[in-house]
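K.L.:
Got a structure here, written out as structure tokens. Questions coming.
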């Protein structure tokens, strides 16, 4: 089944650096979403990008979408300790009947 | 957590016993979902509901049943719990009219089946 797959599975960076994680998917989509999950908590929606959009910003977050490569990236600039979390992409299918979550990228910010 | 509560938050039970998890929302959203989260598998959809008494299966529905007798409550039942059902269970709602709309998650229930 279609699924967004995040890369890398884990990422550790120094506070203040930028963090980039990627999501690849298999079939055409209508939109792609990114979620964050702090340890022991539920997922929190970060941003949604539609298939006709190439880039979207929200605060320190920048999401790009390349439908020709079937991939998306999430950039977090000037990382902070509070950004330590798992990040998931979620893709719908072309029939817009459901969304499927990837396995996530675990981001650790070192002080 | 977008007005979504789950109960209990933690439960330890024995193999073969029935277990019911409750999800409660305060804002009358149409769509509600139950997911399980396991290491290496991300989130997997168990069942979802698109209205009172309207439910359907997700990708990992075997061994689970659901009920929705009121808009605000969505119950997940494990008829006879097995160790493979040890997991963290999340309830979610989506605000819009499509299953692909943004979802908002509850805090989760950690279930251990011994």
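K.L.:
For segment A:85-111, how many residues are crowded, with 18+ Cβ neighbours inside 10 Å and either farther than 27 Å from residue B:38 by Cβ or away from every other protein chain (no Cβ under 14 Å) (or both)?
P.N.:
Count: 2.
K.L.:
Let me confirm something: among B:24, B:47, B:29, which residue is at pLDDT below 95, in contact with a strand residue (DSSP E or B) (Cβ under 9 Å, 6 or more places away or on another chain) and crowded, with 17+ Cβ neighbours inside 10 Å?
P.N.:
The match here is B:29.
K.L.:
Are any of the residues in segment A:60-73 part of a loop (DSSP other than H, G, I, E, B) and within 14 Å of chain B (Cβ to nearest Cβ)?
P.N.:
There is no residue in segment A:60-73 that is part of a loop (DSSP other than H, G, I, E, B) and within 14 Å of chain B (Cβ to nearest Cβ).
K.L.:
Please go through segment B:9-21 and give me each residue that is in a strand (DSSP E or B) and either in contact with a helix residue (DSSP H, G or I) (Cβ under 6 Å, 6 or more places away or on another chain) or surrounded by fewer than 18 Cβ atoms within 10 Å (Cβ to Cβ) (or both), ordered by number.
P.N.:
Result: B:10, B:11, B:12, B:13, B:20.
K.L.:
Go through segment B:40-114 and tell me which strands (runs of 3 or more DSSP E), entirely inside it, have 3 or more residues that are more than 8 Å from chain A (Cβ to nearest Cβ).
P.N.:
Once the strands (runs of 3 or more DSSP E) in segment B:40-114 are filtered for at least 3 residues that are more than 8 Å from chain A (Cβ to nearest Cβ), what remains is B:42-51, B:54-57, B:64-70, B:73-78, B:87-94, B:109-113.
K.L.:
Let me ask something else. Considering only segment A:12-48, state which residues are away from chain B (no Cβ under 12 Å), assigned to a strand (DSSP E or B) and either closer than 16 Å to residue A:102 by Cβ or at pLDDT below 95 (or both). If you could, list the steps in order and put the result at the bottom.
P.N.:
Just the residues of segment A:12-48 that are away from chain B (no Cβ under 12 Å), to begin with: A:12-22, A:24-28.
Add one more test, that the residue is assigned to a strand (DSSP E or B), and what stays is A:12-14, A:19-22, A:24.
Scanning segment A:12-48 gives A:20, A:21, A:22, A:24.
K.L.:
Another question about this same structure. Filter segment B:50-69 down to residues that are under 19 Å from residue B:99 (Cα atoms) and more than 14 Å from the chain's Cα centre (by Cα) and give me whichever is surrounded by the fewest Cβ atoms within 10 Å (Cβ to Cβ).
P.N.:
For segment B:50-69, the residue satisfying everything is B:53.
The values are calculated or read from the model by the stated rules, or taken from the named source; none is laboratory data. Quick caveat: nothing in here was measured; it's all calculated off a predicted structure. All Cβ positions, glycine included, derive from the backbone under ideal geometry; neighbour counts span all protein chains shown.
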